[in-house]
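Inspection log for the structure reproduced underneath, given as structure tokens.
The values are calculated or read from the model by the stated rules, or taken from the named source; none is laboratory data. Being a predicted model, the structure only gives us computed values, none of them experimental. With ideal geometry, Cβ positions are generated from the backbone for all residues, glycine too; neighbour counts draw on all protein chains shown. Surface areas here come from the heavy atoms of the whole protein model, side chains and all, with no ligands, DNA or RNA. Shrake-Rupley method; radii C 1.70, N 1.55, O 1.52, S 1.80 Å.
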Amino acid sequence: PQRGRVLTLHAWTRRATAVCPTARWVSKADDDVYIVTVDWEAQLRMIAAGREGRAMLHGKVVWHNWNVKHFVPHSFDYSYNPDNWRRVIDYLGGDESRARFPDERRRFELCRTHGARQCEWCPAEAECTGPFPFPTGWLITMSAPLARALAGSPAVAAEVARAERLTRSWGGPLLEDVWLGSVVHRALADWPVLWVQMDFAHQFNGDWPAVCRAEKRPRSCGYEFNTTVVYHNKRTRKVHAHVAGEAGAHVPPQPALKCAASAEWRYLNHHMANFAEYVRRERRPSGSGLCVLYEPRFLVPPKHNRLFHHP
């Protein structure tokens, strides 16, 4: 399998912490990402204020499970949902009621006949770990203490050595972002890690709406806020002209950082409560948790928000 993404991320973490010992952050980005760096730096300064020495992981945080035997992800989700990945395990154990409709039963049967090769969920409890949070690979930023812990962890080094010896001939490449989330979940289980969610007004994953419509790919499109900081997969050669060339198009974000539930936004409360459940059930140490970096201006009704699309 293609294991370069995992090996490169581990090597970069070790190299960066050795060559730049005074750096406060270590980051990794995909090659199809455009970052408004001045806004990104301002976010990192806000996150770091008063949190020196903390293990922190910043990015677009979502959830996955990881097959530790085959190095493949299972059961993607937008929240902590242990029941989602257990459904197949229960089904294969004899509880056919866990398949909610005929097509799902068909997909569950693929897990029985093909195992992890074609199973969307964890086919065996002994093979899998999770669910756990991970930052999508578009842009991953680790605080220096977390990067040093990963670089110096014997358990992580052993995991990388196993990846180098992996011989499976099926499946896609080893995904470095899901793998990173899995080793923070497993190898650094005793570390109080603070995850920082970059919210919707600061990141966009998709393509220009006009391009999507012309190519009849509406699911690839979405709203783009004028406070976007990270553009992923949006014809990166044109993003700079889009951000800098249109008069008044991009405005500096004015983010706020929430690390506890807030009565003003139920969406934020859901994030907090869901993450607190992960910390409790997985017995993460005191000090672990989630902060959400959001844009207060977009708590007002959408018709009052300034949205723009690429023409």
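Taking amide hydrogens as modeled 1.01 Å from N in the peptide plane, which residues meet the under 5 Å criterion relative to V196, leaving out close sequence neighbours?
When sequence neighbours closer than 5 places are left aside, the close amide H contacts are L57, H58, G59, C291.
Determine the order of F101, F71 by accessible area, beginning with the largest, at a probe radius of 1.4 Å. Mind showing how you got there, number by number?
Numbers: F101 90, F71 0 Å².
From most accessible down to least: F101, F71.
Kindly report the accessible area of the chain per residue (heavy atoms of protein chains, probe 1.4 Å, no ligands, DNA or RNA), in Å².
For the chain, the solvent-accessible area averages 49 Å² per residue.
Amide H of N226 versus every other amide H placed in the peptide plane: which residues, excluding those fewer than 5 positions away on the same chain, fall under 5 Å?
So N226 has HN proximity to F308.
Okay, helix-only estimate at 222 nm for the chain: each DSSP H run of n ≥ 4 adds -39500 (n - 2.57), divide by all residues, round to 500 deg cm²/dmol; what do you get?
Details: 10 runs with 116 residues, N = 311.
-11500 deg cm²/dmol, from helical runs alone.
By DSSP, what percent of the beta bridges with both residues in the chain are antiparallel, rounded to the nearest 5? Write out the running numbers ahead of the final one.
On the way: 24 of 37 bridges.
Bridges in the chain that DSSP calls antiparallel: roughly 65 percent.
Using Cα pairs closer than 8 Å and at least 6 residues apart in sequence, work out the relative contact order for the chain, in percent. Please list the in-between numbers first.
Numbers: 526 pairs, mean separation 77.7, N = 311.
It comes to 25 percent, rounded to a whole number.
If the viscosity is 0.890 mPa s and the temperature 25 °C, what translational diffusion coefficient in µm²/s does Stokes-Einstein give for the range 111-208 when Rh comes from Kirkwood over Cα pairs? Each step should come with its number before you reach the end.
On the way: Rh = 15.8 Å.
Here the translational diffusion coefficient equals 155 µm²/s.
Please go through the range 78-148 and write out the chymotrypsin sites (Phe, Trp or Tyr not before Pro) that DSSP classes as loop and that have at most 14 other C-beta atoms within 10 Å. Mind showing how you got there, number by number?
On the way: sites: Y78, Y80, W85, Y91, F108, W121, W138; in loops: Y78, Y80, W121, W138.
Counting only loop positions with at most 14 other Cβ atoms within 10 Å, the chymotrypsin sites (Phe, Trp or Tyr not before Pro) in the range 78-148 are Y78.
At 1.4 Å probe size, with the rest of the protein present, what percent of the exposed accessible area of the chain is carbon and sulfur atoms?
Working: 8010 of 15220 Å².
Taking all protein chains in place, the chain shows 53 percent carbon and sulfur surface.
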